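As structure tokens, the structure follows; a few thoughts come after it.
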Amino acid sequence: MARQLPLFISHGAPDLVLRDTPARDHLKALAESLPRPRAIVSVSAHFETRRPAVVVDDAPGMIYDFGGFDARLYEMVYPAPGDPALASDIAGRLAAAGLPVDQVRDRGYDHGTWVPLKLLFPDADVPVVQLSVQPYEDPAHHLAMGRALAPLADEDVLVVGTGALTHNLREAFRHGRDDLGGPAHDWVKGFADWFADRLAAGAVDDLLDYREKAPFALQNHPTDEHLLPIFVALGAAGPDVIGRRIHSSAQYGALAMDCFAFGTAAETAGISTEVESIC
């Protein structure tokens, strides 16, 4: 059984699932190069709690946590089942790592989960367990969460962190949501390339201190929550791993749509790459 290499996906705006863009095309094709998992753990930037929370529902519903977008989005459903047994197992692993965790019910799929998964696994036949981020905790906390889940990669479970490599919405939508914009701003490209370089080098200490060390960190992330899932995915790959950029493009000039796979250099080399120029 092949290891399930954790992923980080920049999910962009909710209409990613509708717009004809390189990012959408990449996600639609990505699953063809991945071994099919028995289950998925989705760590979405839109599921925020004070301490780790895992959803134990067997049939999560839908959350349309956005406004003012194409009416078709509010009619979409992603009927993937949950996996209560896996959710309880995840809660136990986190607790054993010294991370107090809540098991919650009646929490549907937010767009950070269902939008990318609708492109990756459109048949919605792979069970999904949702795990929250803690916006008041730092990257090291989220790395520790991921490391507690690292054995899942060998148990046919795919951990997917879903957020945004850059996330300045004020800049992204200053010209409206209908205009996807041109190339990435220089300050977006500078941050995205720094992050990709540090991930490729396995420079974990630099990444954990990205607020101080990365160029244009505050400009790209006025708040942390959309970057925190990348640290969970990195930790879930285990120690001494790298992050390989498998897609790079931009939308609205300010949203880097980069995606990463995490594992050893040999493992990540087996995943197809579609890196677009964002300069």
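We did not get these values from a lab; they are worked out from the coordinates using the rules stated. Keep in mind that this is a model prediction, so the values were computed, not measured. Don't worry about glycine lacking a Cβ; one is built from the backbone with ideal geometry, like all the others, and counts go over all protein chains shown.
Points worth noting:
- Eligible lysines near Lys118 by straight Cα distance, threshold 25 Å, same-chain separation 8 or greater: Lys28
- Charge dipole of the chain (Cα centre as origin; +1 on each Lys and Arg Cβ, -1 on each Asp and Glu Cβ, all else neutral): 80 debye, rounded to the nearest 20.
- In terms of surrounding Cβ atoms within a 10 Å radius of their Cβ, Asp193, Asp154 rank from fewest to most as Asp154, Asp193.
- Whether the range 1-107 is rounded, prolate or oblate, judged on the alpha carbon gyration tensor where a/c under 1.5 counts as rounded: oblate
- Among Glu225, Glu212, the ranking by other beta carbons within 10 Å of each residue's beta carbon, starting with the fewest, stands as Glu212, Glu225.
- Pairwise centroid distance, computed over Cα atoms, of the range 231-262 with the range 149-228, Å: 8
- Between the listed residues Thr21, Ala217, Ala59, the Cα displaced farthest toward the positive end of the dipole of the range 7-275, a dipole computed from Cβ unit charges relative to the Cα centre, is found at Ala217.
- 20 Å cut-off, amide nitrogen to a point 7 angstrom out along Ala96 Cα→Cβ, residues in the range 16-54: 38-42, 52-54
- The range 50-151: trypsin sites (Lys or Arg not before Pro) in DSSP loop, at most 15 other beta carbons within 10 Å: Arg50, Arg105
- Computed [θ] at 222 nm, helices only, for the chain once each DSSP H run of length n ≥ 4 contributes -39500 (n - 2.57): -8500 deg cm²/dmol
- Think of the range 7-275 as a dipole: +1 on every Lys or Arg Cβ, -1 on every Asp or Glu Cβ, centred on the Cα centre; then among Gly112, Ala184, His142, Ala184 lies furthest on the positive end.
- Neighbour counts of other Cβ atoms within 10 Å put Leu27, Leu119 in the fewest-to-most order Leu119, Leu27.
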